[in-house]
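Working notes, beginning with the structure itself.
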Amino acid sequence: MSQTPETLLDPSRRRWLQGAGVAVTTVSAAPLMALADPEGAVADTLETLLQTHYRRMSRTEIQEVLHRIERRAEREHGVRIRCQDPPPVTGVRFGFAVNLSKCKGLRHCVTACRQENNVSMQGSGNVRVLAMPPGVRTLESGEVEYDAHTPMPPGSWFLPVQCQQCADPACVRACPVEATWREPDGIVVIDYDWCIGCRYCAAACPYWARRFNWQKPHLSAAHITPETSYLGNRPRPVGVMEKCTWCIQRTRQGRMPACQEACPSGARIFGDLLDPGGELRHILEHKTIFRLKEELHTDPQTWYFTDV
Ligand code: SF4
Ligand code: SF4
């Protein structure tokens, strides 16, 4: 492939690899590689490096990519997963509400998210619950490491925080290679195979909602959730960003996010903002609601309310 001004300006490492002739090397060395690489690990890695952006792939190319992801999971984790790519749901715009009167800080949502989304067993997850003692009113001063079995001072409350799926997301604007974007159903996603790991998006997010895989995620075969999706909970490699996707692999197939299902208090309400008879719309129209850091104009699609 010859380098055009467009490819020279494209900062993607895959463009660079193609321009540097790795594809040619791959083709000419294919017979030798097959002998030295019977499980196809090297070939799969090269194919992933050379793969194009998710939004420019044909359905056939995406199917090949999904099969490659399934092979890699079996090779690396000894687990047979199914990787799908459910499209955005037509005529739906997802939203989320949290009833702060009901949250008891039990962190069942945190555990359920880790399990469902194949989050590394080391490091923090994509959902946080902050303990807010009296007088504490900002995200930055909430306590993450509180003991859920020790009573908090009277007047304390709990604030669950994850990606707010902003309608004008600062993270998307910050990404230099368009590895993250907002889908038509309102979910902000990341193409893990296109992310170059620069972490600009994490710096731009005002909600501390993004998490970088500094190490190869540690996943136990016994605990991997095998139903996965490309933009959702498939096992991620080291060196890429991830975040909550409102369980895109579930919610695009008519199920609830794992955090909502796991919450014993019923504090979490996920739904379709375009459904005039839905619970979410009822809350937005009848409760006193607020959003986090509204003054930053990221237009979060997560609302908070209380029963009072
Ligand atoms: Fe992006 Fe952060 Fe908004 Fe999520 S909460 S969409 S990561 S800016
Ligand atoms: Fe884009 Fe974030 Fe990945 Fe950088 S780390 S490429 S900003 S998604």
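The values are calculated or read from the model by the stated rules, or taken from the named source; none is laboratory data. Computed from a prediction, not measured in an experiment: that's the story for all the values here. Neighbour counts run over all protein chains shown; Cβ positions are idealised from the backbone, glycine included.
Annotations for the structure displayed:
- Flag for A258 being of a type in the set (A, V, I, L, M), away from ligand 1 (no atom under 16 Å from the Cβ) and surrounded by 17 or more Cβ atoms within 10 Å (Cβ to Cβ): yes
- Residue count for the stretch 261-289 satisfying the condition of being farther than 19 Å from R93 by Cα and either of a type in the set (G, A, S) or within 16 Å of ligand 1 (Cβ to nearest atom) (or both): 4.
- Test result for G155, near ligand 2 (Cβ under 10 Å from one of its atoms), farther than 26 Å from V89 by Cα and not in a helix (DSSP H, G or I): no
- Qualifying residue in the stretch 243-254 (condition: among the basic types (K, R) and surrounded by fewer than 21 Cβ atoms within 10 Å (Cβ to Cβ)): no
- Filter result for Q301 (polar (S, T, N, Q), under 22 Å from H67 (Cα atoms) and either at pLDDT below 95 or under 21 Å from the mean Cα position of the chain (by Cα) (or both)): no
- Residue check for V238: away from ligand 1 (no atom under 15 Å from the Cβ), modelled with pLDDT under 95 and either on the phi < 0 side of the Ramachandran plot or surrounded by fewer than 21 Cβ atoms within 10 Å (Cβ to Cβ) (or both): no
- For the stretch 36-69, a residue qualifies if it is among the hydrophobic types (A, V, I, L, M, F, W, C) and under 23 Å from Q249 (Cα atoms), and the qualifying residues are M57, I62, V65, L66, I69.
- Residues (part of a helix (DSSP H, G or I), of a type outside the set (G, A, S) and either in contact (Cβ under 8 Å) with a residue 60 or more places away in the chain or within 9 Å of ligand 2 (Cβ to nearest atom) (or both)) located in the stretch 164-206: C171, V172, Y200, C201
- Cross-chain or 6+ apart pairs with Cβ under 9 Å, the stretch 221-238 first and free of Cβ contacts under 8 Å to residues at least 24 places away in the same chain, then part of a loop (DSSP other than H, G, I, E, B): A222/V79
- The residues in the stretch 184-205 that are within 21 Å of G95 (Cα to Cα) and either surrounded by fewer than 18 Cβ atoms within 10 Å (Cβ to Cβ) or hydroxyl-bearing (S, T, Y) (or both) can be counted, and the count is 1.
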